[in-house]
Amino acid sequence: MDKKEIRERIFRFFVEEKKDEGLTYDTELLKSKHVNSLFALQMVAFVEKEFGIKLKRKEISEKNFHSINAIADLVEQHVAGK
Amino acid sequence: MSNNEQQIKCVIWDLDNTVWEGVLSEGGAGALLPGVAETIRELDRRGIVQSVSSKNDFDNARKQLEEKGLWDYFLCPQISWNSKSEGIRTILELLNIKEEAAAFVDDSAFERDEVRFVLPKIRAYDAALAGSIPEFPEFQVRFVTEDAARRREMYRADLERQSAEEAFAGSNEDFLSTLHMKLAIEPVTEPALQRVEELTIRTHQLNSTGYTYSYEELLKLIRSPRHRFYICELTDDYGTSGKVGLLLMEESEEALTIKLLIVSCRVMTRGIGTALLCFATKQAAETGKPLRAEFLETDYNRIMYITYKLSGFEEIEEDGDRVLLEYQHAEPMEYPEYLEIQEGGNYEPQ
């Protein structure tokens, strides 16, 4: 699985959940407009389930989740390390 | 609290030979079984919500319950020919209640086993015990708060809100902005302490530390000059959701530290945790001190940890399951646009 595919799968999840047509790979996801507690949990759970990875506590951070590109980088590191 | 001690928030009833005598689809429903109506009314009074999972024809069963004066007590009853476990799962999802906090009452050992097989943490009771249920420890509440007395109505409003959201074409945020939500954040005063205690006991998922405090300890906290203790009430076009959140902070020379952040699971999708964190960042900015937050990992509260981490908090100390987080940004957070915040004036110890 390459980064392009990872990114597309994450993108599809957000489009489905957020119904935001202007969404891009670089859209800021963590502005309060986008995140409530339940969605934050769903987002982390989606990433773990979709890619079969388990995130460490420290990896759940603004830096790693602020955009689709950032999440894809995080996933790529996990998938590559397998 | 261990599983067995966890308070029951929801009781789900079978109907045939549990609520009434006989089998409705085979010869009809007889009289109510002894003690059942009294138990249902008493649980309702305590703020324990109730529903039905029964294999029956929906309209016939509804008619029976209406005639017997019990229909209004049940939220989202699941009456169909599907398995009872499936009905229960639907109810718990709709009410956002965990199986650990639910009970099922049925006269059939086979049905109780079927439900326990699918939902191993639910507590199942033989219908013969129906009249004694209010005496069992897991059904006790220390006080009947104003919120408890209104709980059935608040859950019903939640269900209406949920179906409106399902019918809504836009995103969750767009839907929330149609509700005209107002969040009133006020210092905790003595009359609110029973609800404070109830929230700490009832809330497991959106609870940052799982600390519980006795009434006397809570009294000390609201009188303490070092502590700032807030409670918030949420209202919207559907009515009030009641007192749904708590924020306890302690001020020291070096920092303002969140000791407790609790949000009722009923309002999990409505941005209340984020709003309380935002309020805390603004308070910290006024003191000119960093904002820290204690977090203690439990079996249920990963969602709270994720909320902190994705709101700009990072670990500064770690000791096993106990973590100290600190807010990293220079600017306070901004309130969600769909919430109107009413702050209850300057903080004065009681």
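The values are calculated or read from the model by the stated rules, or taken from the named source; none is laboratory data. Because the structure is a prediction, the values reported are computed rather than measured. Methodologically, a virtual Cβ is constructed for each residue, glycine included, from the backbone with ideal geometry; neighbour enumeration extends over all protein chains shown.
Cβ contacts < 8 Å: first residue part of a helix (DSSP H, G or I), restricted to region B:30-42; second residue among the β-branched types (Val, Ile, Thr), any location; separation 6+ or different chain. Result?
B:Val36/B:Thr18; B:Val36/B:Val19; B:Thr39/B:Ile133
Within region B:193-209, work out how many residues are over 11 Å from the mean Cα position of the chain (by Cα) and within 13 Å of B:Gly47 (Cβ to Cβ).
2
Please verify whether region B:254-261 includes one or more residues that are within 14 Å of chain A (Cβ to nearest Cβ) and closer than 16 Å to A:Ser37 by Cα.
Keep residues of region B:254-261 that are within 14 Å of chain A (Cβ to nearest Cβ), which gives B:261.
Pick out the ones that are also closer than 16 Å to A:Ser37 by Cα and you get B:261.
Scanning region B:254-261, I find at least one residue that is within 14 Å of chain A (Cβ to nearest Cβ) and closer than 16 Å to A:Ser37 by Cα, so the answer is yes.
Which members of region B:24-60 meet the condition of being under 21 Å from B:Ala148 (Cβ atoms) and of a type in the set (S, T, N, Q)?
Scanning region B:24-60 gives B:Thr39, B:Gln50, B:Ser51.
Can we say B:Ala124 is touching a helix residue (DSSP H, G or I) at 6+ places or on another chain (Cβ under 7 Å) and among the small types (Gly, Ala, Ser)?
Considered against the rule, which asks whether it is touching a helix residue (DSSP H, G or I) at 6+ places or on another chain (Cβ under 7 Å) and among the small types (Gly, Ala, Ser), B:Ala124 comes out as yes.
Where residues in region B:277-328 are touching a strand residue (DSSP E or B) at 6+ places or on another chain (Cβ under 6 Å) and of a type in the set (Val, Ile, Thr), which of them is surrounded by the most Cβ atoms within 10 Å (Cβ to Cβ)?
Among those that are touching a strand residue (DSSP E or B) at 6+ places or on another chain (Cβ under 6 Å) and of a type in the set (Val, Ile, Thr), it is B:Val323.
Is it the case that B:Ala31 is aliphatic (A, V, I, L, M), over 20 Å from B:Thr203 (Cα atoms) and out of contact with any strand residue (DSSP E or B) (no Cβ under 8 Å at 6 or more places or on another chain)?
Considered against the rule, which asks whether it is aliphatic (A, V, I, L, M), over 20 Å from B:Thr203 (Cα atoms) and out of contact with any strand residue (DSSP E or B) (no Cβ under 8 Å at 6 or more places or on another chain), B:Ala31 comes out as no.
Would you confirm whether or not region B:297-313 contains a residue that is among the aliphatic types (A, V, I, L, M) and away from chain A (no Cβ under 12 Å)?
Within region B:297-313, not a single residue is among the aliphatic types (A, V, I, L, M) and away from chain A (no Cβ under 12 Å).
Every residue in region A:1-24 that is in a helix (DSSP H, G or I), within 12 Å of chain B (Cβ to nearest Cβ) and aliphatic (A, V, I, L, M), please.
Hit for region A:1-24 is A:Val15, nothing else.
For every residue, the table says whether it meets (1) touching a residue at least 60 places away in the same chain (Cβ under 8 Å); (2) in a loop (DSSP other than H, G, I, E, B); (3) under 10 Å from the mean Cα position of the chain (by Cα); (4) more than 11 Å from every other protein chain (Cβ to nearest Cβ).
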| residue | (1), (2), (3), (4) |
| --- | --- |
| A:Asp26 | no, yes, no, yes |
| A:Leu29 | no, yes, yes, no |
| A:Leu41 | no, no, no, no |
| A:Lys49 | no, no, no, yes |
| A:Asn69 | yes, no, yes, yes |
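Only one of B:Glu315, B:Glu286, B:Glu331, B:Glu294 is in the same structural domain as B:Arg226 (by TED's automatic domain parsing) and in a loop (DSSP other than H, G, I, E, B); which?
Answer to the check: B:Glu331.
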